[in-house]
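The values are calculated or read from the model by the stated rules, or taken from the named source; none is laboratory data. The structure presented is a predicted model; accordingly, all values stated were derived computationally and were not measured. Cβ: placed from backbone, ideal geometry, glycine included. Neighbour counts: every protein chain shown. All accessible areas refer to the heavy atoms of the entire protein, side chains included, with ligands and DNA or RNA removed. Shrake-Rupley method; radii C 1.70, N 1.55, O 1.52, S 1.80 Å.
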Amino acid sequence: MMAAEHQAALRGRLRHDESMARHVSWRTGGPARTFYEPADAGDLAVFLKQLPADEPLLWLGLGSNLLVRDGGIPGTVIATSGALMELVQIDALAIRAGTGVACNKVARFCAGLNLVTQGGETWPLVRRVETIDRHGTRRWHEPGDFRVAYREVHGPAEEWFITVELQLQSGDGAAGLARVKELLERRNRSQPIGLPSCGSVFRNPPGDHAARLIEACGLKGTCRGGACISTKHANFIINSGDASAADIEALITQVAEAVEQAHGVRLQREVHIVGVAAGGVQS
């Protein structure tokens with residue numbers, strides 16, 4: 001916790017015992033002991049400098065791939081969505097974006113500048129990234145400073161992304177916007193959009209789809225408490241209205257065990273599970 005005399009220097013929003021159900025797309029989960037929404041990157045640096053060196057930190061974006069257990073977060077949550085919102089063109093073929101900017105907004109911004117991407121992966125477009133550490137020190141890194149795996153990027157310990165510069169190509173912005181619209185419409189047709197979920201719960205195993213394996217086990221529509229496997233897409237778990245985080249975690253475990261028993265495939269979670277259980281146990 002920060003000393004009270006330092007808090008006046010902050011320009012962001014500092015809250016205590018903040019319900020994480022308000023900030024994750026599953027709409028469930030316990031409270032964060034400390035919750036901070038920085039005004040900008042400079043304010044974030046000031047905040048981090050004032051934290052104890054051993055304070056547990058959780059960085060929160062849109063909250064769409066996160067399950068917070070019912071006992072909450074016994075540390076500090078830093079919410080970047082709506083905070084690190086810089087989005088500018090820096091030269092004819094490059095943009096700079098803060099990590100608080102949603103991907104679809106970046107795509108529309110680029111299309112409006114007649115800048116396009118080739119392929120579906122973001123990392124090959126990265127020119128450089130800016131990070132911040134728990135002491136508030138900001139650094140720029142080249143892509144070669146990181147090790148990239150499937151949907152994972154590993155870099156210097158205890159440094160977190162706050163800004164990215166992307167190198168793009170000139171192209172047809174109108175066609176780019178049409179592609180964005182088509183992708184969103186396809187997602188809306190195939191996924192339970194509008195219902196509380198985290199998106200895909202499991203990664204697709206090599207050469208297969210998690211949804212196919214789950215559906216083949218006859219698990220569509222299966223519920224644990226208020227948590228149910230979507231009848232529209234088997235790799236989505238829906239909060240039907242009163243699901244606890246424990247309900248969702250139990251259903252995730254049930255699915256993984258059923259698929260492994262039936263198909264010999266151990267599904268890997270896409271969603272990150274954090275915090276402590278209602279009884280105060282962290283696993």
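A compact table of results
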read-out	value
Sites matching chymotrypsin sites (Phe, Trp or Tyr not before Pro) across the stretch 124-166 that sit in DSSP coil, with at most 11 neighbouring C-beta atoms within 10 Å	Y150
For peptides 15-22, 181-188, sequence by mean Cβ density within 10 Å, most packed first	15-22, 181-188
Karplus (6.51, -1.76, 1.60) ³J(HN,Hα), θ = phi - 60°, over the stretch 27-44, in Hz, Gly and Pro reported as x	6, 8, x, x, x, 8, 4, 9, 9, 10, 10, x, 6, 6, 5, x, 5, 4
The chain, dipole about Cα centre (Lys/Arg Cβ +1, Asp/Glu Cβ -1), debye to the nearest 20	680 debye
Lys, Arg +1 and Asp, Glu -1 on Cβ, resulting dipole of the stretch 39-190 about Cα centre, debye, nearest 20	540 debye
Furthest towards positive pole of dipole, V88, I238, A277, structure part the chain, Cβ charges	I238
C-alpha center-to-center spacing [the stretch 53-81, the stretch 120-142] in angstrom	20 Å
Dipole of the chain, positive end: most advanced residue of V265, A53, C223 [Cβ charges, Cα centre]	C223
Accessible area (Å², per residue) of the chain, counting only protein heavy atoms and a probe of 1.4 Å	51 Å²
Dipole of the chain, positive direction: furthest Cα of P31, T122, Q191, with charges on the beta-carbon	Q191
Heavy-atom accessible surface of the stretch 173-238: percent carbon and sulfur, 1.4 Å	53 percent
The stretch 158-266 - charge dipole about Cα centre, Lys and Arg +1 at Cβ, Asp and Glu -1, debye rounded to 20	520 debye
Extension gain from R189 to T137, taking 0.36 nm per residue of separation minus the Cα-Cα distance	14.3 nm
Additional length obtainable on full extension of the chain from Q167 to R128, 0.36 nm per residue less Cα span	13.1 nm
Listed values (1) 7, 33, 37, 19, 4, 0; (2) 5, 21, 33, 26, 11, 4, 1, 0; (3) 6, 24, 31, 27, 11, 1, entry calculated as P(r) over Cα pairs in 10 Å bins from 0, in percent	(3)
³J(HN,Hα) computed for each position of the stretch 163-172 - Karplus, 6.51 cos²θ - 1.76 cosθ + 1.60, integer Hz, glycine/proline x	8, 9, 10, 10, 9, 10, 10, 6, x, 8
Isolated Cys residues of the chain, judged by Cβ distance under 4.7 Å to other cysteines	C103, C110, C198, C217
HN-Hα J in Hz across the stretch 49-61 - Karplus 6.51, -1.76, 1.60, θ = phi - 60°, x for Gly and Pro	4, 8, 7, x, 4, 9, 5, x, 10, 10, 9, 10, x
Residues whose placed amide H lies under 5 Å from that of G75, excluding near-sequence neighbours	R33, T34
